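Here the structure comes first, spelled out in structure tokens, and everything after it is commentary.
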Amino acid sequence: MFVSRRTFTGSAALALLGACAGTGDGRATMEEAFGLIGEIKAAAGRGEELVRYLIEGSRAMPGNLAYIVAQSQSDPDSVWISEVWRTRTDHEASLKLPQVQAAIARARPIIAGFGQRVETRPVVLD
């Protein structure tokens, strides 16, 4: 299914606003939102396998607002992950989840290295 960039961006912005609105009920604010963009390099020819492991391990992570796994068009063994979390604490807690630990264990043998890693502060524009 194809989703236009405008539809995707609008939906993502609404999700961020809804999940991060400062309502006084204990939810995080946009100032607390945490983002991460990173590159993992799979062993030669194993990029698609790494993608599967990452996707399998990313289901039902509390506090996660977006988890996008993508392969580089010029190098399919270069896998990029873009994450948006309600808070940094939510991200750190996710690393202890059983499905995330299992995905890490499966992926570790096929990881050749790591590339760039950038922490971000997600921003929603009006």
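A short reminder: the numbers here are calculations on the coordinates, not readings from a lab. Here the structure is a predicted model, which is why all the values come from computation and not from measurement. Here the Cβ is made from the backbone with ideal geometry for all residues, glycine too, and neighbour counts use every protein chain on show.
Key figures for this structure:
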quantity: Which listed residue, of Ala33, Ala105, Ala44, is more than 14 Å from Thr120 (Cα to Cα), of a type in the set (A, V, I, L, M) and in contact (Cβ under 8 Å) with a residue 40 or more places away in the chain; calculated: Ala44
quantity: Hits in the stretch 49-64 (condition: of a type in the set (Gly, Ala, Ser) and either buried (at least 16 other Cβ atoms within 10 Å of the Cβ) or within 18 Å of Phe34 (Cβ to Cβ) (or both)); calculated: Gly57, Ser58, Gly63
quantity: Tally of residues being in contact (Cβ under 8 Å) with a residue 40 or more places away in the chain and of a type in the set (Ser, Thr, Tyr) across the stretch 59-102; calculated: 2
quantity: Considering residues of the stretch 65-105 that are of a type in the set (D, E, K, R) and surrounded by fewer than 18 Cβ atoms within 10 Å (Cβ to Cβ) only, the residue nearest to Val51 (Cα to Cα); calculated: Asp75
quantity: In the stretch 109-126, the residues that are touching a strand residue (DSSP E or B) at 6+ places or on another chain (Cβ under 7 Å) and in a helix (DSSP H, G or I); calculated: Ile110
quantity: Residue in the stretch 88-102 that is at positive phi and touching a helix residue (DSSP H, G or I) at 6+ places or on another chain (Cβ under 9 Å) present; calculated: no
quantity: Pro109 vs. criteria exposed (fewer than 13 other Cβ atoms within 10 Å of the Cβ) and more than 20 Å from Glu39 (Cβ to Cβ); calculated: no
quantity: Ala112 among the small types (Gly, Ala, Ser) and under 17 Å from the mean Cα position of the chain (by Cα); calculated: no
